[in-house]
Amino acid sequence: MDHIRKKLIQLVHSKQSSWKTIYHSLKAETLPNHSSYNNQDHTTSSQPFISAEKLLAEYASQKISLITIFDNEYPDLLKTIYQPPWLLFAKGDTSLLKWQRSLAVVGSREATEYGRNTIDYLFPELIKNQTLIVSGLAKGIDAHAHKTAIKLGGKTIGVIAGGFDRFYPKENALLAEYMMEHHLVLSEYPPASPPEKWQFPMRNRIISGLSRGTLVIEAKKKSGSLITADFALNEGREVLAVPGSILTPYADGVHHLIQQGAKLIKSPEDILEELRS
């Protein structure tokens with residue numbers, strides 16, 4: 001299995017490697033039973049093809065862990081989604097990948113006072129009950145979720161588009177650096193990879209895939225938060241939604257989710273009840 005792991009690391013860094021070429025380069029019998037591998041065709045990197053040993057040594061010097069889908073460290077929950085990433089680049093405490101109670105928290109990049117206050121109200125009891133917070137390190141709801149979890153002494157994972165060296169948005173760079181030291185930041189792209197527009201909805205499948213439930217706080221009808229909720233729904237995970245004012249567009253997406261059957265959240269216990277089941 002070690003030679004397969006090394007080959008996968010090389011392929012993910014290869015300029016020509018797409019998800020399809022990776023699939024056909026590895027023996028099908030070694031792969032988890034996910035037909036989606038054969039359908040993904042995004043190029044994963046523009047970096048040259050170099051030895052796995054050299055890559056591993058380079059990343060070790062940067063305190064970057066490479067976790068393949070074949071490794072024991074790979075999160076079990078993520079393996080079960082329709083499109084699990086072949087390789088995770090991780091900086092921070094990788095033991096968080098095995099946390100028992102995890103909740104994705106997503107919402108508007110233009111968070112209102114109501115959205116921030118909602119997090120401040122819900123999180124103390126969630127953190128007290130050992131709930132790991134997963135989000136996307138975007139501005140707005142994502143950033144406030146990470147910061148509040150940290151402030152309350154909890155643990156949090158950030159999943160980013162692009163690589164560690166090309167972090168976006170810049171305004172959250174210090175938060176990301178802190179999480180790389182004391183919590184965990186993940187990407188499926190090599191460190192030098194710039195964030196591309198298509199990577200943001202793709203990373204949302206990892207946010208929901210790492211989590212037993214997805215909580216949406218403030219979202220317009222067409223938003224990345226609803227994409228994350230759709231991924232969660234497709235994987236049979238819990239979708240939870242905090243209602244808002246009918247007078248603001250930032251609640252339109254949340255109310256749509258509730259109309260479609262998402263659980264309406266009024267208290268921390270509403271969330272914990274779903275995560276316990």
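Is it the case, given these coordinates, that ARG212 is in contact (Cβ under 8 Å) with a residue 60 or more places away in the chain, in contact with a helix residue (DSSP H, G or I) (Cβ under 6 Å, 6 or more places away or on another chain) and closer than 18 Å to ALA145 by Cα? So ARG212 fits the description; yes. When you look at LYS197, is it of a type in the set (Lys, Arg), at pLDDT 95 or above and either surrounded by fewer than 22 Cβ atoms within 10 Å (Cβ to Cβ) or in the same structural domain as GLN100 (by TED's automatic domain parsing) (or both), yes or no? No, not satisfied. Here PRO201 fulfils each of the conditions (1) within 25 Å of THR94 (Cα to Cα); (2) in contact with a Phe, Trp or Tyr (Cβ under 8 Å, 6 or more places away or on another chain) apart from (2).
Out of all the residues in the range 229-277, which are within 21 Å of SER102 (Cβ to Cβ), of a type in the set (S, T, N, Q) and at pLDDT 95 or above? Listed by number, the list holds a single entry, SER267.
Restricting to the range 119-166, what's the tally of residues that are among the acidic types (Asp, Glu) and within 23 Å of GLN62 (Cβ to Cβ)? So the answer is 1.
Residue-level check: of (1) over 12 Å from the mean Cα position of the chain (by Cα); (2) touching a residue at least 12 places away in the same chain (Cβ under 8 Å); (3) farther than 22 Å from VAL254 by Cβ, PRO85 misses just (1). Every condition in (1) crowded, with 23+ Cβ neighbours inside 10 Å; (2) under 14 Å from the mean Cα position of the chain (by Cα) is met by ALA219 except one, and the failing one is (2).
Considering only residues that are at negative phi and small (Gly, Ala, Ser), look in the range 234-277 and name the one that is surrounded by the most Cβ atoms within 10 Å (Cβ to Cβ).
Once the filter is applied, the top-ranked residue is ALA241.
Here is a yes/no grid of residues against (1) at pLDDT below 95; (2) over 30 Å from SER245 (Cα atoms); (3) among the β-branched types (Val, Ile, Thr):
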{"site": "LEU103", "(1), (2), (3)": "no, no, no"}
{"site": "PRO124", "(1), (2), (3)": "no, no, no"}
{"site": "LYS147", "(1), (2), (3)": "no, no, no"}
{"site": "LEU152", "(1), (2), (3)": "no, no, no"}
{"site": "VAL159", "(1), (2), (3)": "no, no, yes"}
{"site": "ALA176", "(1), (2), (3)": "no, yes, no"}
{"site": "MET179", "(1), (2), (3)": "no, yes, no"}
{"site": "SER193", "(1), (2), (3)": "yes, yes, no"}
{"site": "ASN204", "(1), (2), (3)": "no, no, no"}
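There is at least one residue in the range 115-131 that is touching a Gly at 6+ places or on another chain (Cβ under 8 Å) and of a type in the set (Gly, Ala, Ser). The set of residues in the range 72-81 being surrounded by 14 or more Cβ atoms within 10 Å (Cβ to Cβ), over 11 Å from SER208 (Cβ atoms) and in contact (Cβ under 8 Å) with a residue 40 or more places away in the chain consists of PRO75, THR80. Applying the condition of being outside any loop (DSSP other than H, G, I, E, B) and free of Cβ contacts under 8 Å to residues at least 60 places away in the same chain to the range 103-120 and asking which residue is farthest from ALA251 (Cα to Cα) yields ASP120.
The values are calculated or read from the model by the stated rules, or taken from the named source; none is laboratory data. Since we're looking at a predicted model, the values are computed, not measured. Here the Cβ is made from the backbone with ideal geometry for all residues, glycine too, and neighbour counts use every protein chain on show.
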